[in-house]
Structure formats: structure tokens, C-alpha cells
Amino acid sequence: MRIIDHVISGGAKGLTGSGRSHRIWNPSTGEVQAEVALGDAALLDHAVQIAKKVQPGWAATNPQRRARVMFAYKQLIEENMQELAELLASEHGKVVDDAKGDVQRGLEVIEYACGIPQVLKGEYTQGAGPGIDVYSMRQPIGIGAGITPFNFPAMIPMWMFGMAIAAGNAFILKPSERDPSVPVRLAELFLEAGAPEGLLQVVHGDKEMVDAILDHPDIAGVSFVGSSDIAHYVSKRGAAAGKRVQAMGGAKNHGVVMPDADLDMVVNDLAGAAFGSAGERCMALPVVVPVGEDTADRLREKLIPAINALRIGVSNDPEAHYGPVVTPEHKARIEGWIDTAEKEGAEVVIDGRGFSLQGHEKGFFVGPTLLDRVTTDMESYREEIFGPVLQIVRAKDFEEALRLPSEHQYGNGVAIFTRNGHAAREFAHRVNVGMVGINVPIPVPVAYHSFGGWKRSGFGDIDQYGTEGLRFWTKTKKVTQRWPDGGGDGSNAFVIPTMG
Ligand code: NAD
């Protein structure tokens, strides 16, 4: 059995980790394809000691040279795109084209990080007082750590270490134990790009390793992305240990469809946004809110054939719209949510339970599911399903449609579909959600803006990547300076103030 190991400079000499391992599935075939070694606190400390040695030299390397490593890395990722995407798809289950998107969106943050000499420039005020100037500079926090989820094993690590390392930090990544091979490759490629050994290390693990990261006194900042309960836990424990923490959580994104929307466009967008990547995206659109019964009926009529036309296939099937979900447990969980929805009174219009792909009967496939007449009191509405399930919640008017995402426990993304600029503007300004799309179903901001949800979708107040990411991975030093001439009659000489 292939063993996926940690990426620690010089190896983890004599350290065995927790002695435990986690199995890596091939979700398309339902077979175990590898094991990943799980680390423990001693292994983490070993990596931290290495990071402590390498970080000061990297921080002292001028930003232009750091940017050159980022440029070389960008090129290497492009050259290895196909290999990375296939590896990713084989562990995650998303189709190869989607996997390329996963790598590409991370790569865009690396591209932004190539501009580090420009974005790291500080502020300067000349003559803030007589002969006094004030300036500020951004200095790295030291050692940063990232704890990432299974659903974007390339993009989310790059969101974090791209910004952290360009800013002068060393970084320790703890990727999801469900699909860790691409993060390992990303670290290997970074070395090939010319990064010093030990600057980017990967430690594998589960809760034991996460706790070790949160408690380690030499790790200054932790970025987490995953489900909300764990995000909340990470945020509290990390903050209690005196760290800077940002922790992104789960989601239940709504798409509001106004009566004047272009329904063909909406249906096409929903097919991708609700079912793409088997719904395992934090910016998926699993809830559609048509405004008015007539809009709801017209939308439902168009949705049914579009959903029935979706092709489910193995992750390397180039014709497939989406592949299997990540594990057998996750498949059972999604089907359990459809059972719950049915018991709660939702109408199961298209039922994806018990789906089996011919020739791949052991794969973890879930058929596309459409639920209508879902209401806000249902647990299946309030909680995240994270599968290929689209729920229709009918709203009687704009105000009710605005209230639904605003009052939901999650506040990651939301979209409105309309031809009416006034309605779109009202919605964008008033909705209580962090990222808004106007006729855009998956409003993930580009790399030079920042990413972050509200409410239980994001704990901590600094977003990922862009200028916010830079703020997270740096601390500002403020310098107030005066340079007396020190000569002449002494009236301008620097005098140490005394008491009395
Ligand atoms: P998860 O919460 O199970 O795991 C995330 C990380 O936490 C992993 O590295 C895992 O090893 C670690 N972990 C698991 N159990 C832990 C525990 N008890 N204590 C400490 N650490 C633990 O999430 P997942 O299933 O890998 O990913 C899917 C979730 O992530 C969904 O809820 C999705 O919405 C969310 N997500 C959010 C965003 C965002 O930006 N808001 C982006 C992607 C995914």
C-alpha cells in the first residue's frame, strides 16, 4: 500500500508520528488506494524548529527575490497542471476539469503574491510634527500554519501559504487527511521553484495534530477552513493560546430568482452551481428562492429536464458533469439528509438516493436531487448537506426572499438573479451575507479582492487572500522619527526628557 508521508525538511528523523494512519479512497472505484501517516505533537515540534531556523533568512530576503521564487512556482504549477488535476480528482472524486479549476483558483493567489514588493509597501507621513516623520511597515508574523478541508485540496492551501510565505513567513500546512497527495506535491514543487528547504512543510494528521498546532507557542497565526463547529473550536482554542486566528466555516448559499430573471440562464447556472463537484463546494448554491408562485412553477418546470440531463461519471470521464462524493460516510450522510427532508414534508421531485453507476457499483455516487416546498423550520434547510441536492424554498415577495439568507445561520455567499438594477442594488446592500453575486451564481472574489463569509461561515475578522490576507500574515510596525541636527547652539539637540 502506498504511504503518503509528511514533507519535513530532512525528513522526520526517528519520529514515528502518532503511529496511526488514515485510508485514502478512490471514490470512483470505492477502493482504498493509499494510507496517510498521521502526525503528533512531537512531529509538529520538529517541523516548527526547522521553520524557526529558516524563517529569519527568508524574511531578510528582499521582496523582489521572494517574488522571483513565486514566479518560478507559478510556472511550475502551470507545467504540472494536468498531473496535479488528475491526482486531485483521483482522491477527491471531482472531475478533472473541476480539479483544474481548483488548482487554477489557487494559482491566481500565487500570481497575486508575485506582486509582493508592490503590495507590501508601507505608509509614510512627512512632517507629522516639527522635524518629525511617521512611517509604518509590514513585518511577517513568523511561523504560520494552515488547516484545510478536503473539498479544495489545491486552492485553499495556496490561498494561505501563497500570501503567508510571500510576506516573509515560514508555513506549516496540515491538509485534510482525506486527500493529502496534492498538498504534498505542491510543497515538493515549491522546493523545485527555489524556495529554501523547510519554508513550506506539510504535516498530516487529524484532531491530535490540529490541537498540537493550536497549542504550539511558536506558531503565531493559524488559518483554518472547514466545517463550522470545528472552525469555532479552532478559533477559540487558538485565540486562548494567544494566536491570530481566522477560521472559515460551512455554508448554505441561497440564490434568489426574481420574476423578471432570465430563467434559462438561471437553470444553466444552477446546474453548475448546485451540482458541480457533487455539491461539495462552500460556494455551491444548494438553495434556490423563486419569488412568487408563478416564478417557482416556471423555474421548476425548466429545472427538471436540466437536472435529468446531468451526467454522473467517474472523475476521469471527460463527459461527466460531476463525479462521486469523497467517502462512503459522506454518501450515507447526504442520503440521510434526503430522508430527513422527506420526513419533514419536503417534496422529493428528483430522488438521487440509491444511485449506482454501471461498471462502478462500489463508487460513492449520489444522483442529483431536487426538493421542492422546503420551509425554514426544516432541519434539512437549516443545516449544510454538502451534496448534489437542490432545495426550492418559495418566497412570496422580495422582502421575504431577502430575509431568508439574511436570517440563516450561515452567511458565506448569496446570489440574486434579476434584470432590475434597483432590486439587485437593494439586495446587495441589505443582505446579511459576506459575498454577493448579481446574476453570478458562485461569487468567489478574484485573488486581488478577499474571500470571507459572515455569521457561522467565518470566525475571526480578517478574510483570506488579497490585501486582507496580507494583513493577516503580517503585523504593522509604526515608527515615529526625529533627526535633530545635533550641532550649533544646542537648541535643536536631542534631550532625554527627565521627570520634574
Ligand atoms: P472538516 O471540518 O471535517 O475538516 C477540516 C479540517 O479540520 C481538516 O484538516 C480536518 O483534519 C480537521 N479536523 C477534522 N475534525 C477535527 C476535530 N474534531 N478537531 C480539530 N480538527 C479537526 O471539513 P471538511 O469536511 O474537510 O470540509 C468541508 C467543510 O468545509 C464544509 O462545511 C464546507 O462548507 C467547509 N468549507 C468552507 C469554506 C469557506 O471558505 N467558508 C471553504 C471550503 C470548505
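What follows draws every value from the coordinates through simple rules; no lab data is involved. Being a predicted model, the structure only gives us computed values, none of them experimental. Please note: Cβ atoms are built from the backbone with ideal geometry, for glycine as well, and neighbour counts cover all protein chains shown.
Before moving on, here are some points about what is shown:
- Relative contact order of the chain, defined on C-alpha pairs under 8 angstrom at six or more residues apart (%): 18
- Cα centroid of region 76-144 to Cα centroid of region 246-321, whole Å: 30
- Cα gyration tensor, region 11-103 - rounded (a/c under 1.5), prolate or oblate: oblate
- Net charge of Cβ neighbours under 14 Å - reference Asn439; Lys, Arg +1; Asp, Glu -1: -2
- Calculated FRET value between Val32 and His422, using beta carbons and R₀ = 51 Å, to 0.05: 0.40
- Extension gain for Asp45 to Ala239 (0.36 nm times residue separation, less C-alpha to C-alpha distance): 67.9 nm.
- Net charge of Cβ neighbours under 15 Å - reference Cys282; Lys, Arg +1; Asp, Glu -1: -1
- Amide H contacts under 5 Å for Arg20, placed H, 5+ residues apart: Leu38
- The stretch between Lys477 and Arg23 holds 158.9 nm of extra length on full extension. This uses 0.36 nm per residue minus the Cα-Cα distance.
- Of all DSSP beta bridges in the chain, antiparallel share, percent nearest 5: 45
- Partners for Lys302 among lysines (Cα-Cα distance below 25 Å; same-chain residues under 8 apart left out): Lys252, Lys396
- Amide hydrogen proximity for Ala415: with H placed 1.01 Å from N in the peptide plane, the residues at 5 or more positions away or on another chain lying under 5 Å are His254, Gly255, Val256, Gly437.
- Cα-projected label distance for Glu344 with Lys362, points at 7 Å along beta-carbon direction, nm: 3.5
- The overall shape of the chain, judged from the alpha-carbon gyration tensor, is oblate: a/c is not under 1.5, and a/b is no greater than b/c.
- Neighbour counts of other Cβ atoms within 10 Å put Cys114, Cys282 in the fewest-to-most order Cys114, Cys282.
- Distance between the 7 Å Cα→Cβ label points at Asp206 and Gln409: 2.3 nm.
- Pairwise label distance in nanometres, Thr16 with Arg373, each label 7 Å out on the Cα-Cβ vector: 6.0
- Considering only region 254-438, percent of DSSP beta bridges that pair antiparallel, nearest 5: 15
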